[in-house]
Amino acid sequence: PYVFAYSPALLFDNISGVLEVVQICVTALLGIFGVASCLNGYLFKKINAVFRIALLAGGLTLIIPGTATDLIGLALVGGVFVIQLLTAKRAAHAAA
């Protein structure tokens, strides 16, 4: 909810370019997605506790602006997303 406090560029204040605003907006949205998935406990299927912690950590690091935190957050949220997607597809094929 206080994403603007971390990055004034989301309010178009003190920006160095359009690319910076796009990067910050996209990573903030992905961060919110990660935190929401953690709190919901379900992505493509039920999420276990380890993946929920990874989604929370990744989502929070994506919300904080910076290239290093963005890469860490993308790795965590993206990793859980891909694992959930693959295991859900595998389970769907096994059930069919």
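Side notes on the structure shown:
- Against the list (1) open to solvent by 50 Å² or more (accessible area, probe 1.4 Å); (2) out of contact with any Cys (no Cβ under 9 Å at 6 or more places or on another chain), the condition Ile53 fails is (2).
- Note on the stretch 56-96: residues that are within 16 Å of Cys25 (Cα to Cα), open to solvent by less than 80 Å² (accessible area, probe 1.4 Å) and polar (S, T, N, Q) total 2.
- For the stretch 32-49, the criterion of being open to solvent by 30 Å² or more (accessible area, probe 1.4 Å), more than 23 Å from Ala91 (Cβ to Cβ) and either more than 14 Å from the chain's Cα centre (by Cα) or of a type in the set (Lys, Arg) (or both) is satisfied by no residue at all.
The values are calculated or read from the model by the stated rules, or taken from the named source; none is laboratory data. Nothing here was measured: the structure is a model prediction, and the numbers come from that model. Ideal geometry is used to build each Cβ from the backbone, glycine not excepted, and the neighbour counts take in all protein chains shown. Calculation scope for accessible area: heavy atoms of the full protein, side chains included, ligands and nucleic acids excluded. Shrake-Rupley method; radii C 1.70, N 1.55, O 1.52, S 1.80 Å.
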